[in-house]
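The block underneath contains the structure these notes are about, expressed in C-alpha cells.
Read-outs throughout are calculated quantities, based only on the coordinates presented, and are distinct from any laboratory measurement. Because the structure is a prediction, the values reported are computed rather than measured. Quick reminder, even Gly has a Cβ in these numbers, built from the backbone with ideal geometry, and neighbours come from all protein chains shown.
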Amino acid sequence: MYHNDFSDTIVAISTPPGVGAIGVIRLSGEEAVRIVNSIFKGKNLFQQLSHTLHYGKIIYKGQLLDEVVVGLFLAPSSYTKENVVEVSCHGSSYILQKVMEAFIGQGARLAKPGEFTMRAFLNGKLDLAQAEAVADLIAANSRAAQQTALHQLRGGFSGNLKTLREELVQFTALIELELDFSEEDVEFADRTQLNILIDKIYNQVNHLIESFQLGNVIKNGVSVAIIGKPNAGKSTLLNAFLNEERAIVSEIAGTTRDTIEEALNINGVLFRLIDTAGIREHSTDRIENLGITRSKENAARADIILHLIDLLEDDEYSHFDWLGQYAPKTLTVYNKFNAYCDKMKSVGATITPIFLSIDAKDGLGINELKNLIYEKAIGDSVNTEDTIITNTRHHEALQKVKESLLVIKHGLDSQLSGDLLTIDIRRALYYLGEITGQVEVDRDILGAIFSKFCIGK
C-alpha cells in the first residue's frame, strides 16, 4: 500500500543490482537537499543552482562512506516536480547500502516501487498514460517496443484522448445550457453535428482498440513454435536463426526432449523462438511422448507455427493433420534443400523449385524466412509514430468508451432528452479521463499500476 501523505522525502537506489562502475541513489521531496547536504562535504548545496553537479564526500557519524558526485534538480524543474537529488557513488552494493542507510538516518524514507513516477503523476508532471509509458520504456526489449513507449511518453496517446474529450465536453456544455433554458424551448447543441462527432470519435476509439493486438505483439513479442518430425532440422534451424550453437544437433532421433526458447530480433520486433521435441506417430519412450505432448501444446499457444518438413524423407505426414486447425498461423517450410538437390542430381531427376525451401545447415533461405515470419506477424502495420495501444488497462477503458458511445448514438436516434444524453456522454468522458488520470483514479488502482515499477523509478 502507498502512503496517503506524499509530503515526506523518499530515497532509493535507481541503478540495477550488481557490480558496476557507479550506482545512483535518488531522493525526492521537500527535504531532499537538506538530507544530502547534512552529510555531504564539498559545497553547501543550498547555495547551488538547479541542474548542476558537485563533487564531494559523504561522511556519516565521522566515517567516510564514499567520494561522490551530487546532481541537483530543484522544484519544480525535476522529474517529480519536487526537489530531487541524485548521488552517484561507486558501484559497490555495500557502499550503496551504507549511503542509503545514512540518508534514511537523516530523515528520508525508503521509496515504494514506482513512487518517484507516482509523485510525478500526482504533481502534474505526467498524466497516468505517460507514467505507465515510463515502465514500458524501461521494460522495452526491442526497437518497436521502445519507439511505441516513447511515442506514448511524449504524449501522443494522451493528446489523442485530450482532443476527443474536449470535443465531447463542449457538446455536453451546450446540452446543459439548453437545460437552463428548457422553458424557452431553445436548442444550442446541433444534434446532427453531435451525431457526426460521435461517429468520428467511435471510429477513432475503435481504431485504437484494434491496434491492441499489434501493441501486444510489440510489447510481449511474437511466439514462434518450430514443429516437425524428429531429425527434420528444427534445432539446426534454431541455431541458424540465432547464428550460434544454442541447441544440441544430433542424427539420433529424439535428441530434443523438451522445449528450448530463445529470443530473436527481426526488424526491431522481438520474436520468441521455441524449438520443440520431434513429433512422430509411435514412440515407446515415455519421456519422449511427454515432449511430443508439450510440442503440441506449444503449437496451440504460439502466434506462428513453422512446420518443418525434411525434403529427404518420403514418409507420410498424416499424423500432422491436427495442424489443420492452425492453418492461418502456420508456415510450411521445406528443409535440407541443398542435400535434396544433390540427391536429385545423382539420379538424373529434374529439380523442381519448392516454395519456402531452406537449408538450415548451410544457411540457405534463412534471411528470406525471417522476412516471411515478420510479414506474417506484423506486415506493414508497424508505424511507431501512430498511437498503438499496448496496455490492457487502456484497452479495457476504451472498450467501455466504445460501449458508451453506442448508447449515446442510440439515444440520439431515439431523440432522447438532453438530461439523459448528458448522463451517457459523461460516462464516456469518465472512461476517457480514467486512462490519463483526468478523473480521480482509485488509490488501489494507482497502487497496482505503480507497484509494477522498479524501486528507484
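Across region 415-431, computed HN-Hα scalar couplings (Karplus, 6.51 cos²θ - 1.76 cosθ + 1.60, θ = phi - 60°) run 6, 5, 5, x, 5, 6, 4, 5, 4, 5, 5, 5, 5, 5, 4, 4, 5 Hz from first to last residue, x flagging Gly and Pro. Across region 10-126 the C-alpha pair distances fall into 5 Å bins from zero in the proportions 2, 13, 24, 25, 21, 11, 4, 0, 0 percent. Helix 93-105 and the longest principal axis of the C-alpha atoms of the chain enclose an angle of approximately 20°.
Solvent-free Debye calculation, one equal scatterer per alpha-carbon of region 362-430: log10 I(q)/I(0) at 0.14, 0.16, 0.29 Å⁻¹ equals -0.65, -0.73, -1.16. Given +1 at the Cβ of Lys and Arg, -1 at the Cβ of Asp and Glu and no other charges, the dipole of the chain around its Cα centre is 1960 debye to the nearest 20. Positive-end ranking of 209, 298, 159 along the dipole of the chain, with charges on Cβ about the Cα centre, is headed by 298.
Each principal axis of the Cα atoms in the chain has its own extent, and those three values, largest first, are 87, 81, 37 angstrom. Going down the list 125/162; 162/200; 229/336; 219/361, which pairs span over 23 Å between their C-alpha atoms? Violating the 23 Å Cα-Cα cut-off are 219/361.
Give the angle, between 0 and 90 degrees and rounded to the nearest 10, that separates the Cα long axis of helix 128-139 from the longest principal axis of the Cα atoms of the chain. Orientation of helix 128-139: about 40 degrees from the principal axis. Taking the fewest neighbouring Cβ atoms within 10 Å as the starting point, the ordered list for 132, 368 is 368, 132. Using the Cα gyration tensor of region 36-81, with a ≥ b ≥ c the square roots of its eigenvalues, what is the shape: rounded (a/c below 1.5), prolate (a/b larger than b/c) or oblate (neither)? Verdict is prolate for region 36-81. Remark: the Cα gyration tensor places region 309-380 in the oblate category, a/c being 1.5 or greater and a/b not exceeding b/c.
In the chain, helices alone account for a calculated mean residue ellipticity at 222 nm of -14500 deg cm²/dmol, with every DSSP H run of four or more residues adding -39,500 (n - 2.57). Using the Karplus relation 6.51 cos²θ - 1.76 cosθ + 1.60 with θ = phi - 60°, the per-residue 3J(HN,Hα) values for region 336-352 come to 6, 5, 5, 5, 5, 5, 4, 5, 5, 5, 5, 10, x, 7, 6, 8, 9 Hz, with x marking Gly and Pro.
Considering the dipole of the chain built from charges on the beta carbon (Lys and Arg +1, Asp and Glu -1) around the Cα centre, which of 194, 431, 89 is farthest to its positive end? Positive-end residue among those listed: 89. Neighbour counts of other Cβ atoms within 10 Å put 148, 172 in the fewest-to-most order 172, 148. Among 199, 310, the ranking by other beta carbons within 10 Å of each residue's beta carbon, starting with the fewest, stands as 199, 310.
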